[in-house]
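Bear in mind that the values in this text are calculations on the coordinates, not laboratory data. Everything quoted here is computed from the prediction, not taken from an experiment. Neighbour counts are summed over all protein chains in view; Cβ atoms, including those assigned to glycine, are modelled from backbone coordinates with ideal geometry.
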Amino acid sequence: MTQYILRRVLIAIPTLLVISFVIFAVLALAPGDPLAQFALNPAIPESTRQLIRIQFGLDQPWPLRYAKWITSLFRGDWGFSFSTKSPVIDLVWQRLPQTLQVVGLAYLIAVCLAIPIGILSAVKQYSLFDTMVTFFSFIGFSVPSFFTGLLCILIFAVNLKWFPIVYSTTLEINSLATFGQQVRQMFLPVFVLVVQQTAALTRFMRSSMLDNLSLDYVRTARAKGLVERVVVTRHVLTNSLIPVITLIALGIPTIFAGAIITENLFRVNGLGALLITSINNSDTPVVMALTFIFSILTVMFNLIADIMYGVLDPRVRYG
Amino acid sequence: MSHKRLWTWLVLMVTATTLLAACGRKPAQTPPTTAPVAAGTTAPATTAPAATDVPKPTTAATEIPTAAAPAAGGALKILYAQAITVINPYQSTGTKDLDGATVIFEPLARYNQNDELVPYLAEEIPTLANGGVAKDNKSITWKLKKGVKWSDGTPFTADDVIFTWQYCADPGTACVWTSVFANVDKVEAVDPTTVKVTWKKATANPYSTFVSNTGMIIQKAQFANCVGANAVKDAACQKANLAPIGTNAYKLKEFKPGDTVIYEKNPNYRDAANTFFDTVEIKGGGDSTSAARAVCETGEVDYAWNLQVPAAVLTPILAAGKCDTVAGGSFGVERININFANPDPALGDKRSEPDQPNPILSDLKVRQAIAKAIDRKPIAEQLYGPAGSPTCNISVVPLAFTSTDLTCERDVEGAKKLLDAAGWLLPDGKSVREKNGKPLKLTFQTSINTIRQGVQAIVKTNLADVGIQVDLKAFDAGVFFGSDPGNPDTLQKFYSDLQMYTNTPSDIGLDSYFQDWTCANVDSSKNQWKGGNDTRYCSKDYDALFKQFTSELDPTKRAELAKKLNDFLVNDVVVIPLINRMTPNGKLKTLDGPTYQTFDSVLWNIQSWKRTS
């Protein structure tokens, strides 16, 4: 087991290097100008732009820039952002709490909802409950978040005025009232994300349960005279959770990527919003850092998922 | 099974009706009607119709006691579509950063909404009459206000002004506004409250430096070690860029780059007793539509910047009645540029090079026909709404410099006659004109943007009416405006016959604005398409007129020449001005102070903003 983990970690290093190189190359070759917002301003002539490019190190050829980036990364330096002129890592730390609060909480709620709903709708297949769940999860699945988000804003924020449109990231929670405010401002973005994620996970949980429900060992358990509740929870559930847990583990890195559309819609300004504005502003160091952190997490959680598979399913052996 | 289906349908229908009912409530949007429904349990306070300012209608009642008369204090909440990322104005990457810096910093003087100078750190505006501007236009002497303090309590002196110049003029600093200081020979302190700026060559616009949002004064003590490469590389300077010390009414409290800036009252401000708000909060991100809703419908924020929303969407939001739009001046003129070079792909590397004349558009009659065929009215009314008004001029600010002679009504018959005269005839049964067997086909490019694609569609139909076929292209704004010499889709390469974008003079002098149509500035592969004249227009007469303009120092004569330059360009149809764009900013009716702006930040007078009843 230890040997397996060690080997996987060692394989991960060249994988990450290749990933970082590819991302860097794509970003370097893609068109864009960090000063694009001032593109037509005659007060910023080409000579000024050239000075700024030199300051950013953009006057050097990109393979050299990559070499510099990767070596400073080994020293723990993620570089500085073109738009804030300050260290990238500070920005990431600043954005992380918002993303964890909103996207992380939504993921947690989605998992907590999806598993029991999935189980129930599998056990009571084709019942009214199952039909409803299927219907709503297909809606949640197929309606994009920019649509549900806008709809929620229109109904609950603009017409009913229950929730604010603008998310305040500087709200200090020091009393019950401010806590209430925080809950209110988090409600809509979390709701939009929960709808989408629950939908997907419910479908997965349901089909995984159904796969197992029709197997021989279930029939055997029932034939032995076990109570249906025990059959479902002890036998079927434990087995059908294995793929679901892997899926949940693989989904965790996406929390850190933020939810680009939802964050933008509600102005949560977490990591997703940071990524998209940085891409728009050609703020290469920030895009590099975010995508690279994301790839590290993906590789890591892949490994964790694989290990968990072995823990949960004794038939799997690592060699 | 069947009765189960029935149940399913019933539940679905109930859900659907609830949703529809919630949506349908929209027209009756007055606080008294919704409050009992929406906030019945949470905040009975909001039902009072006499409430003067209710930025937070529901549960906010517990935190901010809403006074009957607006007492000073509270928070001013501002929404920007783009978030502020850096506060040092000399390291800014967009207008939003300059606006963020404006709340903290002051220049010597600012422009008001009528493009007149208002002294800020200066005691008075130096003029020829009061001897502040030298007779030979080679220097200007500013008297500074006495007793001004930085927000850290230290005195503001002439040294800070000199330092600001040294900071930005150093090439290593990579200051964004180097061009503002390009003509500065030296800046000296005559005494601690008098500064003399000497120009390299006599200038007609002595107010280009230390004025407006590109001339704000930074503190020498804070940035002394940040000149040159240190400006962004040194850790202390990085901190200073994000948390600078200023002289304006507010100072920095908290800054999350790319998200929110919170400012608080500066107790050392010279008029601190009259600063209305306790805090100012500028939040960035999101889309313009929801920003408009946050001001006009929910009243969550007091002010929203640049509500660039199609008129059809914006008008019903404004109808909620909580807000006013602040629009005026000029954010720039949306124009169609004519390519005087041939963009034919068959030319390969010679494509759009200035020595390849455009086979269709080199003919003045064709250009005139295009200009006559375009109808500005639907563009302004259906697409721009409060965000722009039709214009026939390419130079619309300052008002004294704007031509009043031109008209640009649509004239379809006139356009057809011109095309007939130019030899482009309409063959029987065809809808596109031809000359020598070649059809009259043009390509028309712009950036991707809902409104711009709307304009493209209108222009296409307008020109189809006179027998010109237009093929439309649109590119991502980052690419189109990106000035990347390796990319074929930039506005500088101009690989099409017509293109549309907005441009605006960067300073009130207009020299650099009119320079972009001179022969010397023509874009080509030789100058890596960095000339600035993307039309490739080159006329000796225009150049002569431009030279006369730049060498003229008398303001009245300059105004006449600026009008002539404008008329020259429009009459020769080098450009087709369409819309004078205004950034419509939205403000709550209870907020007093915001004005429109052309040559300065829209927050130029934020120190005097207040709430009224």
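FRET efficiency for A:Phe129 and A:Arg184, Cβ-Cβ distance as r, R0 = 35 Å, nearest 0.05? Result of the calculation: an efficiency of 0.70. Projecting the Cα atoms of B:Asn248, B:Cys226, B:Thr289 onto the dipole axis of the stretch B:186-294, where Lys and Arg carry +1 and Asp and Glu carry -1 at the beta carbon, places B:Cys226 farthest toward the positive end. Mean partner shielding of peptide B:177-184, defined as the number of other chain Cβ atoms within 10 Å of each residue Cβ, is 3. One Cα centroid belongs to the stretch A:1-69, the other to the stretch B:575-613; the line between them spans 38 Å.
Judged by the ratio a/c of the largest to the smallest principal axis of the C-alpha gyration tensor, the stretch B:133-187 counts as oblate, that ratio being 1.5 or greater while a/b is no larger than b/c. At what distance in angstrom do the alpha carbon centres of the stretch A:228-291 and the stretch B:161-235 lie from each other? Result: 47 Å between the Cα centres.
For chain A, rounded, prolate or oblate, judged on the Cα gyration tensor with a ≥ b ≥ c (square roots of eigenvalues), a/c < 1.5 rounded, else prolate if a/b > b/c? Oblate, since a/c reaches 1.5 and b/c is not below a/b.
Just want the ordering: A:Arg317, A:Arg53, from fewest to most Cβ atoms lying within 10 Å of their own Cβ. The partial results should precede the final answer.
Details: A:Arg317 9, A:Arg53 16.
In increasing order of surrounding Cβ atoms, one gets A:Arg317, A:Arg53.
How much length is gained on full extension from B:Ala319 to B:Lys350, taking 0.36 nm per residue of separation minus their Cα-Cα distance?
5.8 nm
Taking the C-alpha atoms only, the angle from helix A:176-213 to the longest principal axis of chain A is near 50 degrees.
Given Cβ point charges of +1 (Lys, Arg) and -1 (Asp, Glu) and nothing else, what value in debye, to the nearest 20, does the dipole of chain B about its Cα centre take? Let's see the in-between values first.
Values: 63 positive and 64 negative charges, 197 e Å.
Magnitude of the dipole: close to 940 debye.
Peptide B:92-102 shows a mean partner chain C-beta count of 3 within 10 Å per residue C-beta. Dipole check for the protein assembly as shown: with +1 at the C-beta of Lys and Arg, -1 at the C-beta of Asp and Glu, and the Cα centre as origin, the magnitude is about 2440 Debye.
Taking a Cβ cut-off of under 14 Å around B:Asn130, the surrounding Lys, Arg, Asp and Glu residues balance to a net charge of 0, with basic ones at +1 and acidic ones at -1. Along the stretch B:245-254 the Karplus relation, 6.51 cos²θ - 1.76 cosθ + 1.60 evaluated at θ = phi - 60°, assigns HN-Hα couplings of 9, x, 10, 6, 5, 10, 10, 6, 10, 8 Hz to successive residues, with x for each Gly and Pro. Sorting the segments B:455-463, A:8-16 by their residues' average number of neighbouring beta-carbon atoms within 10 angstrom, most packed first, yields B:455-463, A:8-16.
Relative to the present Cα-Cα distance, how much length would full extension add between B:Leu425 and B:Thr407 at 0.36 nm per residue of separation? All intermediate terms of the calculation are to be shown ahead of the outcome.
Details: separation 18, 0.36 × 18 = 6.48 nm, distance 2.67 nm.
In short, 3.8 nm is gained.
In this Cβ point-charge picture (+1 for Lys and Arg, -1 for Asp and Glu), the stretch B:168-310 has a dipole of about 520 debye about its Cα centre.
DSSP beta bridges fully contained in the protein assembly as shown are about 75 percent antiparallel.
With the charge dipole of the stretch A:222-319 set up from +1 on Lys and Arg Cβ and -1 on Asp and Glu Cβ about the Cα centre, the Cα lying farthest toward the positive end among the listed residues A:Ala257, A:Ser240, A:Phe294 is that of A:Ser240. The residue among A:Ile139, B:Leu561, A:Val158 whose Cα reaches farthest toward the positive pole of the charge dipole of the protein assembly as shown, with charges on the beta-carbon of Lys, Arg, Asp and Glu, is A:Ile139.
If you fit an axis through the alpha-carbon atoms of helix A:88-99 and take the longest principal axis of the Cα set of chain A, what angle between them do you get, 0 to 90°, nearest 10? Computed tilt is about 30 degrees. In terms of surrounding Cβ atoms within a 10 Å radius of their Cβ, A:Ser240, A:Ser83 rank from fewest to most as A:Ser240, A:Ser83.
Just counting partner chain Cβ atoms within 10 Å, what average do the residues of peptide B:509-519 show around their Cβ?
Values: counts 0, 0, 1, 4, 1, 0, 1, 2, 0, 0, 0.
The shielding value for this peptide is 1.
FRET efficiency for the B:Lys417 to B:Cys538 pair, using the beta carbon distance and R₀ = 25 Å, is estimated at 0.35.
The fewest-to-most ranking of A:Val103, B:Val227 by surrounding Cβ atoms within 10 Å reads B:Val227, A:Val103. Here the simple spin-label model places points 7 Å from the Cα toward Cβ, and for B:Gln382 and B:Asp465 these points are separated by 1.1 nm. Looking at chain B alone, DSSP beta bridges between its own residues are antiparallel in about 75 percent of cases.
One chain, two ends: A:Leu105 and A:Arg7. Fully extended at 0.36 nm per residue, the span grows by 31.9 nm beyond their Cα-Cα distance. The packing ranking of peptides B:539-551, B:92-104, highest mean first, is B:92-104, B:539-551, where packing means the average number of other beta carbon atoms within 10 angstrom of each residue.
How much FRET efficiency would the formula 1/(1 + (r/R0)^6) give for B:Thr194 and B:Ser608, where r is the Cβ-Cβ distance and R0 is 22 Å, rounded to 0.05? It would help to have the intermediate numbers written out before the result.
Working: r = 27 Å, r/R0 = 1.21.
FRET efficiency, B:Thr194 to B:Ser608: 0.25.
For the stretch B:340-497, the share of DSSP beta bridges that are antiparallel, to the nearest 5, is 35%.
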